[in-house]
1. Could you run through the range 401-457 and say how many residues are touching a Phe, Trp or Tyr at 6+ places or on another chain (Cβ under 7 Å), assigned to a helix (DSSP H, G or I) and polar (S, T, N, Q)?
2. Can you go through Val403, Val360, Val348 and tell me which one is of a type in the set (Val, Ile, Thr) and under 19 Å from Lys614 (Cβ atoms)?
3. Going by the structure shown, is Ala113 surrounded by 15 or more Cβ atoms within 10 Å (Cβ to Cβ), under 50 Å from the mean Cα position of the chain (by Cα) and not basic (Lys, Arg)?
4. Looking only at the range 57-89, count how many residues are part of a helix (DSSP H, G or I) and either within 33 Å of the chain's Cα centre (by Cα) or among the acidic types (Asp, Glu) (or both).
5. Enumerate the pairs (first residue in the range 232-243 and closer than 17 Å to Tyr205 by Cα; second residue anywhere and among the polar types (S, T, N, Q) and assigned to a loop (DSSP other than H, G, I, E, B)) with beta-carbon separation below 9 Å, excluding pairs fewer than 6 apart on the same chain, so at least 6 apart or on different chains.
6. Tell me the residue from Lys548, Lys533, Lys528 that is surrounded by fewer than 14 Cβ atoms within 10 Å (Cβ to Cβ), in contact with a Ser or Thr (Cβ under 7 Å, 6 or more places away or on another chain) and touching a residue at least 24 places away in the same chain (Cβ under 8 Å), please.
7. Would you call Glu625 assigned to a loop (DSSP other than H, G, I, E, B), exposed (fewer than 12 other Cβ atoms within 10 Å of the Cβ) and either in contact with a strand residue (DSSP E or B) (Cβ under 7 Å, 6 or more places away or on another chain) or not aromatic (Phe, Trp, Tyr) (or both)?
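The values are calculated or read from the model by the stated rules, or taken from the named source; none is laboratory data. Small disclaimer: the values here were computed from a predicted structure and weren't measured. Reconstructed Cβ throughout: ideal geometry from the backbone, glycine too, with neighbour counts over all protein chains shown.
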Amino acid sequence: MKKLTTLLAQRTTLNEKQISNILTLLEKGDTIPFIARYRKEMTGGADDEQLRVFYDVYLSAKRLLERKEEILNILKERELLDGKIECAIQEASTMTSVEDLYRPYKEKKNTRASTAIKQGLEPLANLLQSAKLSKEAFMSEAKRFVKGEVKDVAMALRGAQDIIAERYADMPKEREVLRDTLQRHGTIEVKGTKTFQENGSFKNYKSHSEKAAYIPSHRYLAIKRGEKEKELSVKLSIDTERYLDTLKRYKLKEWMGSSRELLFDAYKDGFKRLLFPSIEREVFALLKVRADEAAIGVFGKNLTQLFMTPPVVGKVLLGVDPAYRTGCKLAVIDENGMYLDHAVIYHVPPRDEYEKSRDVVRKLVEKYNIQGAAIGNGTASNETQAFFARLNEDGLTLPYTVVSEAGASVYSASAIAAQEYPDLDVTIRGAISIAGRVRDPMATLVKIDPKSLGIGQYQHDVDQKLLERKLHEGVESLVNSVGVDVNSASASLLSYVAGVGTKVAQSIVKHRESEGVFDSKKALLKVKGLGAKAYEQAAGFIRIRDGKSVFDNTGIHPESYEVAEKLEKYDDLSDTKRIAEELGVGELTLKDIIKELAKPGFDPREALPHIPFKDKLTDISMLKEGSIVSGVVRNIADFGAFVDIGLKNDGMIHISQMSQKRIAHPLEVLSVNQYLPRIEVIKIEREKNRVGLSLIQINT
């Protein structure tokens, strides 16, 4: 534990006491959301994000220490461990350096060098590596090794050179130098293959080169996808001749005999055949890891912004799933998101029944007092928006908004949807999901695989295990930061509450359905499978709107209810340090309690801009360069943002059109689902229905 704590102190900004406390909490089974929210005195106030970064470093450090121990045991068993190598391994700070140190000692099978060693050529290799002899004297000495499988002097020489080549390629220092050179000065060379498609997705990479150190993650992932689809070939290059000249000066000395030429041939072979390809693979793998982390980071931020979109409360909503031939599916949900009714209209070709469709919508609006419509942005969305705009012109007064329907079909065919709406057609379930994305985006979208939500970039090309873990952690943090109403939340949403999980979440819902709503947080202890530890972790993140105690509708943990009650005797709560000492509670915890008491039931999403509704349509024929439009950001990538301005395709704001100041990423300026009231049209491609947008002129 001491080694691990010391290593973590070197790799993080936390001191050893904080680290020791966090490790103790993790070993007790405490979750990161619980630690971040309710153990601030022990962590120094570290938030979710800091703790998750710490946890990643912790896992990495733990793996490093375990690998060191494993290697040292192997070397000890093989009687190869001496003080020098043991010290080097113990002092190594990265897994790469540890593996470099171990590499020369690895047992290798079926390599050219291992074959030569079996043929008894290692002494000849040692003689050549010393380079004391002249070329002629060495070749004469090599004759003594012509026996058995070694047929002639040339074969003996090749075997000796193969051994030296492998030794050279395994040298930790040589690997470190080349790795650094490729990372800092290497160039990624991309070429089109025989199967390259001139006008395909990778047309910009037919002949492309770029410094490896500066390549953006989205471009690297695009190139690797092209390689996977066999349209592109990719390699790393450096000035090889210059590198070999440096190697020659470094390795060969004047006092050496003329056999040094044969020695350098071995080094050169080791470089080209073994060392360079090995390090090239490593650097490509490292670039992939960095690209994956960057892409997952963008994806996570998009997901955070999407989930944190404020819910539309107190309104009956109409979910609209547009289509041509099969009709437009309508679903009505009430103020609490409960399904009420559905219908199908045929307002677009081939049937184009405007009057019938209008009457169906009007009856639903009048029957349920519908106050807004959510229209999916897929097939026939533009025509459906035109239909609702026309309804408003005809006096219906039903404002509408457009939402991404990405993942709606995935949800509608899922086991979760079948369980929630067993008697409804999958298409109607999709319309319910679309309405739910306005009613409560987090509660609705949490039921869908995040990769199907149409946000981020290259999410299918990144490390899927890492993506799944990061997305789960991200959703968990979001759900717990908002809090969950245990009397209305689905099992999907409850499963992300700290300490709960899928099985316990299902048990909570079953208990609620059979026994009625929960009237206190303590009542959760009656749920089958929810023990004391799970209750401890979950209770602070659960909300009960009309519970026995006002504290049950806050983020105050039940362990602090007694402290919260005692606060009533204080007229002035400004001196938190003194009050905390008097009540025997940490000051950070006390400040959180006071904050919660000030706004019981507060939803942090309420402070964010709400989804805009409209009653008119944007038509590309009405636009020209210089037109001012409004829109909602649907997705953000490294190079720009895609904005729904009411057209069939989203408009695009390139990163260069977001700010007069240089920005590193669009996320510095924009967020998913952000409403942009004024955007300038700077480019129109009518035949492709594409629009280029700019924020720069608007903001000057």
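1. 1
2. Val403
3. Numbers: surrounded by 15 or more Cβ atoms within 10 Å (Cβ to Cβ): yes; under 50 Å from the mean Cα position of the chain (by Cα): yes; not basic (Lys, Arg): yes.
When the stated conditions are applied, Ala113 passes them.
4. So the answer is 18.
5. Here the result reads Leu232/Thr193; Ser233/Thr193, each pair linking the range 232-243 to a residue that is among the polar types (S, T, N, Q) and assigned to a loop (DSSP other than H, G, I, E, B).
6. Of the residues listed, the single one that is surrounded by fewer than 14 Cβ atoms within 10 Å (Cβ to Cβ), in contact with a Ser or Thr (Cβ under 7 Å, 6 or more places away or on another chain) and touching a residue at least 24 places away in the same chain (Cβ under 8 Å) is Lys548.
7. yes
Residue by residue, here is whether (1) modelled with pLDDT under 95; (2) part of a helix (DSSP H, G or I); (3) more than 27 Å from the chain's Cα centre (by Cα) holds:
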position	(1), (2), (3)
Lys173	no, yes, yes
Lys191	no, no, yes
His208	no, no, yes
His218	yes, yes, no
Leu244	no, yes, yes
Ser258	yes, no, yes
Ala266	no, yes, yes
Leu274	no, yes, yes
